[in-house]
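*Asks:* Quick one: structure below, then a few questions.
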Amino acid sequence: VLVLQVTTYTEEEFVLILPPDHPLSMKREVGKEKLYNLNFVSLNQNSTSQKFQTQTLKDNGINPKLLHVQMEFNSIEAIKSAVQHGLGAAFVSQSAIQKEVQLGLLHSSSIEGILLRRKLQVVTNSKRYFSRAAQCFTQEILTAADWYGIQQQSGKSNRQRGL
């Protein structure tokens with residue numbers, strides 16, 4: 001009997017990224033219809049992140065086949081660089097672009113009426129050997145996720161109070 005334990009350790013939100021000088025970079029939210037007028041760069045179609053994005057867009061009434069994908073890359077860093085250089089827009093995890101947004105190298109926007117969010121989970125099998133290294137790794141992820149969640153909540157509280 002297979003006994004899997006699934007533990008969600010965080011959720012990550014994907015956002016639309018644009019070069020800071022793009023006309024849509026002035027908007028916090030971009031309408032769905034505007035996506036069809038953009039050129040895109042993306043991860044290759046075999047990427048789990050790309051599969052998630054494609055399915056989520058479909059689920060929200062956006063036809064990914066009608067998006068103008070100009071190039072596909074194998075890494076988020078390559079996508080960020082391509083967007084910075086004006087080669088297209090992209091959907092990436094918000095956590096992957098925090099530094100670039102703070103430095104003004106990229107702009108991020110959400111899509112009107114759509115939340116691109118996925119859960120990240122640790123899956124373990126209680127019937128299989130779980131090495132000490134795997135135990136430490138799992139504990140580290142879960143501890144970091146707890147800490148990050150506390151920091152996020154603290155940051156929201158501080159922003160709400162104007163601190």
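*Asks:* Which one is least open to solvent (accessible area, probe 1.4 Å), of the residues in segment 77-96 that are in a helix (DSSP H, G or I) and at pLDDT below 95? Break it down into steps so the answer makes sense when it comes.
*Replies:* Initial filter on segment 77-96 (in a helix (DSSP H, G or I)): 77-84, 94-96.
Retained after the next criterion (residues that are at pLDDT below 95): 94-96.
Working: Gln94: 82, Ser95: 72, Ala96: 33 Å².
Among those residues, the one meeting the criterion is Ala96.
*Asks:* Quick check: is even one residue across segment 106-113 in contact (Cβ under 8 Å) with a residue 12 or more places away in the chain, in contact with a Leu (Cβ under 8 Å, 6 or more places away or on another chain) and surrounded by fewer than 10 Cβ atoms within 10 Å (Cβ to Cβ)? Spell out how you get there, then give the answer.
*Replies:* Going residue by residue through segment 106-113, those that are in contact (Cβ under 8 Å) with a residue 12 or more places away in the chain are 106-113.
If we keep only those that are in contact with a Leu (Cβ under 8 Å, 6 or more places away or on another chain) too, we end up with 106-111.
Filter once more, keeping what is surrounded by fewer than 10 Cβ atoms within 10 Å (Cβ to Cβ): none.
No, there is no match, as no residue in segment 106-113 is in contact (Cβ under 8 Å) with a residue 12 or more places away in the chain, in contact with a Leu (Cβ under 8 Å, 6 or more places away or on another chain) and surrounded by fewer than 10 Cβ atoms within 10 Å (Cβ to Cβ).
*Asks:* For Glu72, work out the one condition from (1) among the acidic types (Asp, Glu); (2) modelled with pLDDT of 85 or more; (3) in a helix (DSSP H, G or I) it doesn't fulfil.
*Replies:* Glu72 satisfies every listed condition except (3).
*Asks:* Enumerate the pairs (first residue in segment 13-36 and touching a residue at least 24 places away in the same chain (Cβ under 8 Å) and within 15 Å of Gln102 (Cα to Cα); second residue anywhere and basic (Lys, Arg) and in a helix (DSSP H, G or I)) with beta-carbon separation below 8 Å, excluding pairs fewer than 6 apart on the same chain, so at least 6 apart or on different chains.
*Replies:* Ile17/Lys80
*Asks:* Please specify each residue of segment 1-23 satisfying the condition of being touching a Gly at 6+ places or on another chain (Cβ under 7 Å) and open to solvent by less than 50 Å² (accessible area, probe 1.4 Å). Break it down into steps so the answer makes sense when it comes.
*Replies:* If we filter segment 1-23 for residues that are touching a Gly at 6+ places or on another chain (Cβ under 7 Å), which is where we start, we get 19-20.
Result: Pro19, single match.
*Asks:* Looking only at residues in segment 1-29 that are among the hydrophobic types (A, V, I, L, M, F, W, C) and in a loop (DSSP other than H, G, I, E, B), which one is modelled with the lowest pLDDT?
*Replies:* First, the residues of segment 1-29 that are among the hydrophobic types (A, V, I, L, M, F, W, C): 1-4, 6, 14-18, 24, 26.
Restricting the remaining residues to those that are in a loop (DSSP other than H, G, I, E, B) gives 1-3.
Details: Val1: 66, Leu2: 71, Val3: 84.
Taking the candidates together, the pick is Val1.
*Asks:* Take the residues in segment 35-48 that are surrounded by 17 or more Cβ atoms within 10 Å (Cβ to Cβ) and more than 12 Å from Phe73 (Cα to Cα); name whichever of them is nearest to the chain's Cα centre (by Cα).
*Replies:* Residues of segment 35-48 surrounded by 17 or more Cβ atoms within 10 Å (Cβ to Cβ): 35, 38, 40-43, 47.
Retained after the next criterion (residues that are more than 12 Å from Phe73 (Cα to Cα)): 35, 38.
Values: Leu35: 17, Leu38: 19 Å.
Filtering segment 35-48 for residues that are surrounded by 17 or more Cβ atoms within 10 Å (Cβ to Cβ) and more than 12 Å from Phe73 (Cα to Cα), the one nearest to the chain's Cα centre (by Cα) comes out as Leu35.
The values are calculated or read from the model by the stated rules, or taken from the named source; none is laboratory data. In this text the structure is predicted, and so the values were computed from the model without any measurement. Ideal geometry is used to build each Cβ from the backbone, glycine not excepted, and the neighbour counts take in all protein chains shown. Areas reflect the complete protein model, heavy atoms only, side chains present, ligands, DNA and RNA absent. Shrake-Rupley method; radii C 1.70, N 1.55, O 1.52, S 1.80 Å.
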